[in-house]
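Working notes for the structure below.
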Amino acid sequence: MQQSAYVNARKWAELPREYQAAFRSACADAHTELLARYDARNPAALQQLVASGVRLRPFPKGVMEKAYKTAMAVYADISAINPDFARIYSDYKKFMDAQNAWFRIADSSYTRFMESRR
């Protein structure tokens, strides 16, 4: 799930700080609202799918591995021809590596525990 707001940097710098703060606040509120709706509606949607006979299965590990390798190759190809993408992706990758380390300890452990309580 992704939500974005793009603002011209020069025009942003011209805005009074109060307007910048209001914009940031509105974006944060919209993000929180979107996440809340997403989390609140998905369990009911999942129950509806299962009730209609859908069998839920995770992607096989081989499919996930192939998708990952393909994505990494695409990112490398784009990085080779687009320096802006390469710079942004490099920063994003460092961030995601740190996040994944955190999620393995925090969210994944909690999820496994809660699943074991069923």
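Computed from the coordinates by the stated procedures, all read-outs in this text should not be read as laboratory data. Not measured: the values here are computed from a predicted model. A quick note on method: Cβ atoms are made from the backbone with ideal geometry, for glycine too, and the neighbour counts reach across all protein chains shown.
Structural remarks
- Helix 83-105 axis versus longest C-alpha principal axis of the chain: approximately 40°, rounded to the nearest ten.
- Centroid-to-centroid separation of the range 36-50 and the range 82-99 [C-alpha atoms, Å]: 32 Å
- Point-charge dipole on Cβ atoms (K/R +1, D/E -1) for the chain, about Cα centre, debye to 20: 460 debye
- Positive-pole candidate from THR111, PHE23, GLN2, dipole of the chain, charges at beta carbon: THR111
- Translational diffusion coefficient (Stokes-Einstein; Kirkwood radius from C-alpha pairs) of the range 32-118 at 10 °C, 1.306 mPa s, in µm²/s: 95 µm²/s
- The trypsin sites (Lys or Arg not before Pro) found in the range 25-58 that occupy coil by DSSP, while having at most 16 further C-beta atoms within 10 Å, are ARG55.
- Straight Cα distances below 21 angstrom link LYS66 to the lysines LYS93, with same-chain residues fewer than 8 positions distant left out.
- Of the chymotrypsin sites (Phe, Trp or Tyr not before Pro) found in the range 1-74, those that fall in a DSSP loop while having at most 16 other beta-carbon atoms within 10 Å are TYR6.
- The phi torsions of the range 51-65, fed into the Karplus equation with coefficients 6.51, -1.76 and 1.60 and a -60° offset, translate into couplings of 4, 8, x, 5, 9, 8, 9, x, 4, x, 4, x, 5, 5, 4 Hz, rounded to whole numbers, with Gly and Pro shown as x.
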